[in-house]
1. Among the residues of the range 8-27, count how many are open to solvent by less than 20 Å² (accessible area, probe 1.4 Å) and farther than 20 Å from residue 76 by Cα.
2. Under the condition of being part of a loop (DSSP other than H, G, I, E, B) and not charged (D, E, K, R), which residue from the range 254-268 is most open to solvent (accessible area, probe 1.4 Å)?
3. Kindly provide the set of residues from the range 188-219 that are touching a residue at least 60 places away in the same chain (Cβ under 8 Å) and either assigned to a loop (DSSP other than H, G, I, E, B) or on the phi > 0 side of the Ramachandran plot (or both), ordered by number.
Amino acid sequence: VYTRVAPKVIDCIVAEQLCLLDSICNATYRTLENCDLAKTRFVALDHDSRVRCLNAELYLGNSSLLHCKCHRRMKRQEHCLRIFWTVHSSMTDGDATNPCLKATHVCNLSKKCVRLRTDYASICTRGAGSEDMCDRRKCHRGLRNFFEKVPEDFTRRILFCPCQDELCGERRRKTIVPDCSFQYSTKPNCLWLLDSCLEDHICKSRLADFQQNCQPADTSPDGCSQHNQAACLQAYMGMIGTPMTPNYISNSSVEVSLWCTCESSGNQKEKCDQILGMFESNKCLGKQYVGELGKQLSTGNLKPFPLVLSLSTCLKSCFPS
């Protein structure tokens, strides 16, 4: 838990003071404190409380609290350590068996991954859930930067982590901060979503790539006409951060969709259904794509990162002596 004093490293007491000066960070930090207290007392959290805890953890990932440290013989050492373990409490609790949480911890060990992830999280969580405050364009740009610049060994683990329960599924679904990047207050027509995409050069190009690489085929073993599901997964990730950003439909499903509807499509209903069907009933994309990560790990196509971050692993990796 301890580190030697190093230049430019902020200790957790100073990081906490900086956070408390900001009203949003202050409130979020207090929420995380309550979450940590509930975990230490083995209090079962209801769904809404778990959501608040997840959102608090995501928001504080962009603050100096995430990378703060404590050192021996410092004043108020116990207080410093309490702050540290409040922010990093998920590394020591039962959620450590959550594959999506493990993937996030692995990302935190990469400077580029954690920097670009916290960059988009900061933008997308600012005003998320409010169309008047959420800057969707900047949020999309941050997501594209993350998926373009961070190696796929990291991004695939985060986006396609295999889940066995809804808490894990909730973290997976919230990877792209859907309140800002994905959802509107009401579902627009899919034809409008397509028009928005075709007016955007980046989205238009990535949609063409998606259509080419994710073209379904009944006779193909993997459901893909190109016989390359990896290329389809890459094209799918390319759609994230565009006006046609897809996401998981729920916390308990691996099915994905667009946030749109085909109601009131008139004589263009068939075309609208085809747009929605590119994601909802695409055999190439299919349910098995979440399992693709495990398949690639077993065949050695992805480097075997230490996904299980035990307390001892954290102490060795996160706190160099």
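1. So the count comes out to 1.
2. Restricting attention to the range 254-268, the residues satisfying the condition of being part of a loop (DSSP other than H, G, I, E, B) are 254-255, 258-260, 262-265.
Subsequent filtering for residues that are not charged (D, E, K, R) retains 254, 258-260, 262, 264-265.
Working: 254: 39, 258: 5, 259: 56, 260: 7, 262: 12, 264: 121, 265: 14 Å².
Going through the qualifying residues, I end up with 264.
3. 188, 214, 215, 217, 218
Table: residues versus (1) open to solvent by less than 40 Å² (accessible area, probe 1.4 Å); (2) part of a loop (DSSP other than H, G, I, E, B); (3) modelled with pLDDT under 70.
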residue	(1), (2), (3)
90	yes, no, yes
96	yes, no, yes
100	yes, no, no
105	yes, no, no
113	yes, no, no
116	yes, no, no
119	no, no, no
124	yes, no, no
127	yes, yes, yes
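The values are calculated or read from the model by the stated rules, or taken from the named source; none is laboratory data. Here the structure is a predicted model, which is why all the values come from computation and not from measurement. Cβ sites come from the backbone with ideal geometry, for glycine too, and all protein chains shown count toward neighbours. Quick note on the areas: whole protein, heavy atoms, side chains included, nothing else; ligands and nucleic acids left out. Shrake-Rupley method; radii C 1.70, N 1.55, O 1.52, S 1.80 Å.
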